[in-house]
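This report concerns only the one structure given below.
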Amino acid sequence: MTNSTETKKEVVILFAGDSGDGIQLTGGQFSETTGLYGNDISTFPSFPAEIRAPRGTLAGVSGFQLKFGSVEIFTPGDKYDVLVAMNAAALKVNLENLKTGGLIIANTDGFDKKNLTLAKYVDGENPLENHSLDQYTVHKIDVTKLTRNALKGSGLGIKETDRSKNMFVLGYIYWMYNRALDNTIAFINEKFKKNEQLRDANIKVLKTGYHFGDTSEAFTSRFQVEPAPMPKGVYRNIKGNEATAIGLIAGAKKAGLNLFYGSYPITPASDVLHFLSKYKNFHVKTFQAEDEIAAICSAIGASYGGALGVTASSGPGIALKGEAIGLATILELPLVICNVQRGGPSTGLPTKTEQADLFQAVYGRNGEAPIPVLAASSPSDCFEVAFEACRIAVEHMTPVFILTDGYIANGAEPWRFPTSKDLKAIDPKMVTDKSKDAEGKYLPYKRDEKLVREWAIPGMKGFEHRIGGLEKEHETGNVSYDPANHEFMIKLRAEKVKKMAEYFPEQQIAIGESQGDVLVLGWGSTFGAIQTAVRELRMEGYSVSHAHLRHVFPFPKNLGNILSRFKKVIIPEMNLGQLRQMIRGEYLVDAKGVQKVKGLPFTVDEIKDAVKAESSLEAEVH
């Protein structure tokens, strides 16, 4: 029984265990319920690379990290306050990031001799018994036994019973943080609406975990986290891949086009296909092709037929799509290509995050084939970027790259979503009778002031034209091998992409002054870590600002001016310095890089330490 409540400003929890322990479901449910309480939140799911990773091993640990609080949250946190370890391997893999004095909730059944051996503890020594955890607060609970006791007489076998033990842990954590069970009970009722036995079992174990917390006297106080002061509006929790899919649908609707999505399954991009397939009512057609090449070619064909063609993959799949991306470039048809980046090269680290496909997006085709590249900075920003990509693709008749990554694609945060009237219309540049010259002749590659050609769909009488991958004659589109024409068309297509920057929003400073000692320039999913680091550095008295690129190629037209106003430019990236090289090449700025390629996102401290080391600044205490 408890007699007090302790208020926390922010909390970081990591749920960790085997893939079959329901870790992702547990973390996802706690995140959703916490979002309903008005907390700001950021999540970071982590999966083993193997679909059926060996149970109890270090390689088989699955994790779900979340940070929630009564303040603005930008990252899932560097260090945990609470570590839920369902077995010995989960503890060993994650212990180094638990704060000193942090809380460990350990399932003692996962620390038997077999699990200790699989986790490679020397001579099977049990960390729960040898005082190696004395600097932490350890709550040892036999979750497996308590779950089995709760479900005695339920008719379920041991295997089905043990699958419910994640509900015990979830109920226990709900009790710790004063959360009601209603949202998860509603989820269970829906999930198991056709299986009354499993429904009742999961609800019973959930309540058992909650009441165990209430009656075991394990804690002298519970914890309260007040709502965060976020702008008024209607919110929902959103994952990056979901936001990408919704942004694509919104873009197609605002352009008055059907959406065609051709893809081949690949981690971590597959969820975009899964999500889009639910929206046939918005005239979305999804096609799972036999390979990556067929996937993108089907999308190009759809665009040729008057739909908005979209395809997605991750780095290895994008490599296979390379020739077809060049085809879309020379055809000058709308196409959105989404790359949900993961660790590479080759199949690399399928379930881990990285930003190493920037060069691939900007340069990764044969010949001179420039296309615009956008990057999303957070799960909810994936919506904005996907919508912007649709606008550019349709209004500029071009393929467009979207770069997200595994970190924000699987991560979630609260999203104050817009209504349809909040979104600007997208204007497809379709042919009309005025598109013909005085003699009534149609020139398919005649261009406007933006160097954009018009879109003629097969079946439109009088607008028949040739299309294909061979070089085109200026304006007529006829096949041409003329050397002068080829060079002219190469430069024309490059100039068209360069000219798009005139229609991009100007680059803004995300936080800090517009000039000063240091500018931290970022792109993609490094936003949260950089934003938090810069805020903390500024509180410590450093003259540092943060700018974050959405339009990565071509750069916003005022970027060079911004860079010139700072003494130092530092660029953190989860690669070996790809944006840094682009910035150096474009602006001749001696930008310094901060690199990390471990398959993990930056921590705030890593960026703070790197900025301090690179800048050699002296704090000016205000």
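Each value in this text was obtained by applying a stated rule to the coordinates, not by laboratory testing. Every value quoted in this text rests on a predicted model; they were computed, and no experiment measured them. Note: ideal-geometry Cβ built from the backbone for every residue, glycine included; neighbour counts use all protein chains shown.
By the helix-only formula, in which each DSSP H run with n ≥ 4 contributes -39500 (n - 2.57) and the sum is divided by residues, the chain has a 222 nm mean residue ellipticity of -10500 deg cm²/dmol.
Helix 292-304 and the long axis of the chain differ in direction by around 50°, with both axes built from C-alpha atoms.
A Cβ-based charge dipole, computed about the Cα centre of the stretch 53-183 with Lys and Arg at +1 and Asp and Glu at -1, lands at about 400 debye.
Would you work out the charge dipole size for the chain about its Cα centre, treating the Cβ of every Lys and Arg as +1 and the Cβ of every Asp and Glu as -1, and quote it to the nearest 20 debye? I would put it at about 1200 debye. For the listed residue pairs Lys567/Lys592; Lys446/Lys498; Lys114/Lys159; Lys9/Lys598; Lys99/Lys239, the alpha carbons are over 21 angstrom apart in Lys9/Lys598; Lys99/Lys239. Each principal axis of the chain carries a Cα extent, and these read 89, 63, 49 Å when sorted largest first.
Taking the C-alpha atoms only, the angle from helix 240-255 to the longest principal axis of the chain is near 30 degrees. For the pair Thr7 and Lys491, the difference between a 0.36 nm per residue extended length and the Cα-Cα distance amounts to 168.0 nm. Charged neighbours of Ala255, selected by a Cβ distance under 13 Å, balance to +2 (K, R count +1; D, E count -1). Counting Lys and Arg as +1 and Asp and Glu as -1 over every other residue whose Cβ lies under 10 Å from the Cβ of Ile293, the net charge comes to -3. Calculate how steeply helix 578-587 sits against the longest principal axis of the alpha-carbon atoms of the chain, using the helix alpha-carbon long axis, and give the answer as 0 to 90 degrees to the nearest 10. So the inclination is approximately 40 degrees.
Placing +1 on the Cβ of each Lys and Arg and -1 on the Cβ of each Asp and Glu in the stretch 57-172, which of Gly110, Asn97, Ser164 has its Cα farthest towards the positive end of the resulting dipole? So the residue we want is Ser164. Cross-link reach is defined here as a Cα-Cα straight distance under 20 Å, omitting same-chain residues fewer than 8 places apart; for Lys191 the aspartates and glutamates meeting it are Asp21, Glu32, Glu160, Asp162, Asp182, Asp200, Glu242, Asp271. If R0 is taken as 25 Å, the Cβ-Cβ distance between Lys140 and Asp214 corresponds to a FRET efficiency of 0.85. Let a ≥ b ≥ c be the square roots of the eigenvalues of the Cα gyration tensor of the stretch 263-416; is it rounded (a/c under 1.5), or, if not, prolate (a/b larger than b/c) or oblate? Here the stretch 263-416 falls in the rounded category.
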